[in-house]
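Just below is one structure, and these are the notes that go with it.
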Amino acid sequence: MGKLPIRASKQPTRLQHYLYIILREIFWKVTGYVSFDNYFSSGHIHFGKKVAIASGVKIISRNHDLYDVWKHMDFKDIYIGDYCWIGANAVVLPGVTLGPHTIVGAGSIVTKSFPEGYCVIVGNPARLIKKLDKEKCVENRSKTI
């Protein structure tokens, strides 16, 4: 077999990637909860306060080009609002915004935004199944989840 072409990309350097991981770990110790064995693209992901992320979650801020799988598309920002909970093995795709108190069901694939928040979304693609009463949502708990 022939050699695969090596292409220059906008990937972060190894040092930038490790720095990102270290900062992410410090961030979650202060603000919220994250389980192990998750995957986060290395940039353009913004987290609110007290975000809970279960095991196996993938948050992907860019994808491959449809016509050239060796080429990455530009990053699209992802915003995860305050007090969101992302269930096990859920996937959040590029360009998504989740408003405050959004609960993402386990195994869901989030392809579009739910910026209003205060809701439960599930499925593939994720869809709204329940709106939450803002008055009942708890904030500013002194203890992390």
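Are any of the residues in region 126-144 surrounded by fewer than 17 Cβ atoms within 10 Å (Cβ to Cβ), touching a Phe, Trp or Tyr at 6+ places or on another chain (Cβ under 8 Å), aliphatic (A, V, I, L, M) and modelled with pLDDT of 95 or more? Looking through region 126-144, at least one residue is surrounded by fewer than 17 Cβ atoms within 10 Å (Cβ to Cβ), touching a Phe, Trp or Tyr at 6+ places or on another chain (Cβ under 8 Å), aliphatic (A, V, I, L, M) and modelled with pLDDT of 95 or more. The strands (runs of 3 or more DSSP E) found wholly in region 58-145 and carrying at least 3 residues that are more than 16 Å from PHE47 (Cβ to Cβ) and more than 12 Å from the chain's Cα centre (by Cα) occupy 119-122, 127-131. In this structure, is SER9 surrounded by 15 or more Cβ atoms within 10 Å (Cβ to Cβ), hydroxyl-bearing (Ser, Thr, Tyr), assigned to a loop (DSSP other than H, G, I, E, B) and modelled with pLDDT under 85? Answer is no for this residue.
The values are calculated or read from the model by the stated rules, or taken from the named source; none is laboratory data. These numbers were taken from a predicted model, which means no experiment stands behind them. FYI the Cβ positions are ideal-geometry reconstructions off the backbone, even for glycines, and counts take in every protein chain you see.
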